[in-house]
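Novice: I'd like to ask you about the structure that follows.
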Amino acid sequence: MRAWLSFIVAMLIAIHIPYSEGKSDGNAVILVSDSDAFYYLIATSFSFEMGKVPVILFHNDIGKEMRFITEYGGSRLIFIGGDAKSDMPKDVFSGDAVNVSFEIADRYENPEYAVIVPYSNYSMAMISVPVACYLKAPLLIYSNNKDRIYEEIDKLGVKNVISSVPEVKGDVNLVGEEDVYNYISSIAGEIDYIAIANPDDVIPPDVSSTENMVLNAHITNLKIILLSIPFNLFGKDECIFKFHVGNGIKRIRVNVEVNETNSMPYYVFTSLYDKDGKLISYSPSPSYMDGKCFIDALSVNDSGNYTLKIRVFNGFEGGYFLQRGISMVNADVHASIRIDSLATPHLPLESISMLAPFLAASRNGMVLACKNEITGNDYASAASGMAGGAWNNVELHEYVNKKVMKNVEKLRRWASVTGARYVAIVGDTNMIPMYYYNGSYDDAFVGYGIPSDNPYYLNFTMATGRVMASDGINTSLLINRAIFYDKIAHGEWVKNFTFISGEGFGEMAAIFHQLPYSMEVRKEGFNVRMFGDFRNSREMLERFNAFDSNYIEYEGHGDWYWIFSNIYGFNYYGSQVDSAHVRHYSIPPNVIMTGACLMGRTDGIALNGSIALSFIDAGCNAFIGATRETGSEARLEIIEDELLKNNTSIGTALMISKRSCKMPTLAARVLYGDPAFNPVN
């Protein structure tokens, strides 16, 4: 009996041990359900009370998250807002966000402060989270129940209440954004980092009705390519569908699939045109997956009969300068079209603003709420009669640029107040747009104008990076890989440096830059590997683990969905390192620097089709690429010198290089990743 009593007492004590005393249990990792943005805000403040531990989003399972957890050395999981199967020791806080905030607050030991934020005002709650982080205070969510809030405050025994809820008076009352930013500046000391986020990205599109249709066709074609000229010997390689899009605000999503298996994957190219024959969007299967394409486009009062063109290739094509090949197609083609009628053009590509407070607080910074999205309510009049977006409608560039400059002016003010050196743009190009400079070609496939993050650099005085991946989970992993880089940066890859050059006169970059600079890299203690003509195909790069490197530099040709194409090889399509394959890679948290066209483009395309974001999904920590065509000068050695010899962050290195760049490279080159990330040498 005495043994049982001792066991029960021990269990009761264990239940009430605060997490601040449980750190000896091992490395904890917090996993947060993506079902409510407030869960991540609560988890962020809890992480800092625990001494700052990783905070990662999950959906239904934690398969992708486990790679980071293993590399980090996690031994205990804390689930917030949901649960997932795991063999590791775990604690689960489930229920609605309000109750979870109270339950977690009970795990704090004698907190001196408590921070109260409104469930009805996500924007205020989001920017207030760093207050709780710096004070190591529980974050309490208020939802129209004063008595319960006051009971919780009394139970916690806090001495100071910081409230951003008008109905709840505290010792410090943060009435608006200005109060929050000023208070953070007063308690955090030197603010070195500003994260920009659009809180409206958590609001889903307002769908009033949906129309679905399925279109089918069969393609039979025999084609040969001689001296770069295609000859159709039998049939055609293309099918064309017409469908009607009504008036109003319409989101058009198209899935195309070729239902045939073959030793060679089917290459499919899908393009969508409006009633006037204007290209709206397009998708090659290398951007999505073998034999499949995906298009996501917006139409605003541009009703009429739209055209969907699908071209199919099955075979090989390649050759030295003059292409030759053969394609044999006998396949069924299926196109599934979904048209959502939206109440407003509000269309976030991904909801990632919730991640900004954890990134900002980890870098001793704060979050600016910037709501100047380019698909908001006023977009309906600006884009009326148009389909697509700013990338294929030059008329929208002035509208977009005004939105950007509103964000920049807000950034400029608080950068001058705080003296911050870094700015992270935590949002997609709908929610936090890029600025469009004049330039590029008059080619809708390339995209009009040059989208750029340059204005956020504040005349190249702030290191800037756009922190995003193809979705919220991958973006949260990117942030954690940067914040906890010191714990996961180990292995032979740390001392590897890979140079890759492309054909089509990309050899000049190898001769005049890569070969001489590789000597400099060797002096820094790196193992150098070089891949040029006939060695830069996907098969060769995978065989020799080219991506298992701390630094990867590529100079050659590129596009938004492929890199390292072997245009001299036997099979051009089968040799591309493309988004469809890269997103399934497992690469270290490295830096990829490219001197090529279009590889940093994310406007007007599905995010999971971007080659830059696919590399980030695969584990890369920083990707430098161009949103449009670039000039002949890459000047990557400036970035590399800063990283290898001056020990600067990736954002600072890119900022310094921009001071010596010319247009169009100056505008087109962007960074995807945390600008304060400093890769190990």
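Novice: Of the residues Lys242, Lys275, Lys250, only one is farther than 15 Å from Ala331 by Cβ, touching a Gly at 6+ places or on another chain (Cβ under 6 Å) and not assigned by TED's automatic domain parsing to the domain that holds Ser35; which?
Specialist: Lys275
Novice: Contact list please: Cβ distance under 7 Å, first residue in segment 228-246 and under 24 Å from Asn571 (Cβ atoms), second residue among the hydroxyl-bearing types (Ser, Thr, Tyr) and buried (at least 16 other Cβ atoms within 10 Å of the Cβ), pairs at least six apart or on different chains.
Specialist: Between residues of segment 228-246 that are under 24 Å from Asn571 (Cβ atoms) and residues that are among the hydroxyl-bearing types (Ser, Thr, Tyr) and buried (at least 16 other Cβ atoms within 10 Å of the Cβ), the close pairs are Asp237/Ser327.
Novice: Still on this structure: For Gly525, indicate whether it is in contact with a Lys or Arg (Cβ under 9 Å, 6 or more places away or on another chain), in the same structural domain as Ala618 (by TED's automatic domain parsing) and in a loop (DSSP other than H, G, I, E, B).
Specialist: Taking the combined requirement at face value, the residue satisfies it.
Novice: It is to be established whether one or more residues within segment 405-417 are within 30 Å of Asp274 (Cβ to Cβ), modelled with pLDDT of 95 or more, touching a Phe, Trp or Tyr at 6+ places or on another chain (Cβ under 6 Å) and among the aliphatic types (A, V, I, L, M).
Specialist: The answer is no, given that none of the residues of segment 405-417 is within 30 Å of Asp274 (Cβ to Cβ), modelled with pLDDT of 95 or more, touching a Phe, Trp or Tyr at 6+ places or on another chain (Cβ under 6 Å) and among the aliphatic types (A, V, I, L, M).
Novice: Can you pull out the strands (runs of 3 or more DSSP E) entirely within segment 240-333 that have at least 3 residues that are modelled with pLDDT under 95?
Specialist: Result: 315-318.
Novice: Here is a follow-up. May I ask you to verify whether Phe234 is of a type in the set (A, V, I, L, M, F, W, C), over 29 Å from the mean Cα position of the chain (by Cα), assigned to a strand (DSSP E or B) and buried (at least 17 other Cβ atoms within 10 Å of the Cβ)?
Specialist: For Phe234, the condition - of a type in the set (A, V, I, L, M, F, W, C), over 29 Å from the mean Cα position of the chain (by Cα), assigned to a strand (DSSP E or B) and buried (at least 17 other Cβ atoms within 10 Å of the Cβ) - is not met.
Novice: When you scan segment 637-646, do you find a residue that is at pLDDT below 95 and within 19 Å of Trp560 (Cβ to Cβ), even just one?
Specialist: no
Novice: Kindly check whether there is at least one residue in segment 491-510 that is within 26 Å of the chain's Cα centre (by Cα), assigned by TED's automatic domain parsing to the domain that holds Ala618, in a helix (DSSP H, G or I) and free of Cβ contacts under 8 Å to residues at least 40 places away in the same chain.
Specialist: No, the conditions are met nowhere in segment 491-510.
Novice: A further question on this structure: So how many residues does segment 68-95 have that are among the charged types (D, E, K, R) and in contact with a Ser or Thr (Cβ under 7 Å, 6 or more places away or on another chain)?
Specialist: Matching residues across segment 68-95 total 1.
Novice: Which residues, taken from segment 136-158, are surrounded by 20 or more Cβ atoms within 10 Å (Cβ to Cβ) and outside any helix (DSSP H, G or I)?
Specialist: Matches in segment 136-158: Ala137, Pro138, Leu139, Leu140, Ile141, Tyr142, Val158.
Novice: For residues that are touching a helix residue (DSSP H, G or I) at 6+ places or on another chain (Cβ under 9 Å) and within 23 Å of Pro199 (Cα to Cα), scanning just segment 320-346, find the one that is surrounded by the fewest Cβ atoms within 10 Å (Cβ to Cβ).
Specialist: Thr344
Novice: Taking segment 271-309 on its own, how many of its residues are under 26 Å from His581 (Cβ atoms) and within 24 Å of the chain's Cα centre (by Cα)?
Specialist: Within segment 271-309, residues that are under 26 Å from His581 (Cβ atoms) and within 24 Å of the chain's Cα centre (by Cα) number 16.
This table checks each residue for (1) hydrophobic (A, V, I, L, M, F, W, C); (2) over 29 Å from the mean Cα position of the chain (by Cα); (3) part of a loop (DSSP other than H, G, I, E, B); (4) more than 26 Å from Cys370 (Cα to Cα).
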{"residue": "Gly95", "(1), (2), (3), (4)": "no, no, yes, yes"}
{"residue": "Phe102", "(1), (2), (3), (4)": "yes, yes, no, yes"}
{"residue": "Asn110", "(1), (2), (3), (4)": "no, yes, yes, yes"}
{"residue": "Ser120", "(1), (2), (3), (4)": "no, no, yes, no"}
{"residue": "Ile127", "(1), (2), (3), (4)": "yes, no, no, no"}
{"residue": "Tyr134", "(1), (2), (3), (4)": "no, no, no, no"}
{"residue": "Val168", "(1), (2), (3), (4)": "yes, yes, yes, no"}
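Novice: Among the candidates Ala420, Ala444, which residue alone is assigned to a loop (DSSP other than H, G, I, E, B), under 29 Å from Ile479 (Cβ atoms) and aliphatic (A, V, I, L, M)?
Specialist: Sole residue among the options that is assigned to a loop (DSSP other than H, G, I, E, B), under 29 Å from Ile479 (Cβ atoms) and aliphatic (A, V, I, L, M): Ala420.
Novice: So which residues in segment 649-675 are of a type in the set (S, T, N, Q) and part of a loop (DSSP other than H, G, I, E, B)?
Specialist: Across segment 649-675, the qualifying residues are Ser649, Ser660.
Novice: How many residues does segment 188-215 contain that are assigned to a strand (DSSP E or B), of a type outside the set (A, V, I, L, M, F, W, C) and touching a Ser or Thr at 6+ places or on another chain (Cβ under 6 Å)?
Specialist: 2
Novice: Can you find a residue in segment 573-583 that is in the same structural domain as Phe499 (by TED's automatic domain parsing), part of a helix (DSSP H, G or I), of a type in the set (Phe, Trp, Tyr) and in contact with a helix residue (DSSP H, G or I) (Cβ under 9 Å, 6 or more places away or on another chain)?
Specialist: Yes, the conditions are met somewhere in segment 573-583.
Okay, residues lined up against (1) touching a residue at least 40 places away in the same chain (Cβ under 8 Å); (2) under 19 Å from the mean Cα position of the chain (by Cα); (3) closer than 24 Å to Gly74 by Cβ:
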site: Asn430; (1), (2), (3): yes, yes, no
site: Asp443; (1), (2), (3): no, no, no
site: Tyr448; (1), (2), (3): yes, no, no
site: Leu458; (1), (2), (3): yes, no, no
site: Ile473; (1), (2), (3): yes, yes, yes
site: Leu477; (1), (2), (3): yes, yes, yes
site: Arg481; (1), (2), (3): yes, yes, yes
site: Tyr485; (1), (2), (3): yes, yes, yes
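Novice: Follow-up question, since we're still on this one. What are the residues in segment 239-281 that are farther than 30 Å from Gly376 by Cβ and acidic (Asp, Glu), if any?
Specialist: Once the filter is applied, which keeps residues that are farther than 30 Å from Gly376 by Cβ and acidic (Asp, Glu), segment 239-281 yields Glu257, Glu260.
Novice: Also: Would segment 354-370 turn up any residue that is modelled with pLDDT under 95 and charged (D, E, K, R)?
Specialist: no
The values are calculated or read from the model by the stated rules, or taken from the named source; none is laboratory data. The shown structure was predicted, so the numbers you read here are calculated from the model rather than taken from an experiment. Because the Cβ atoms are built from the backbone with ideal geometry, glycine has one as well, and the counts that use them run over all protein chains shown.
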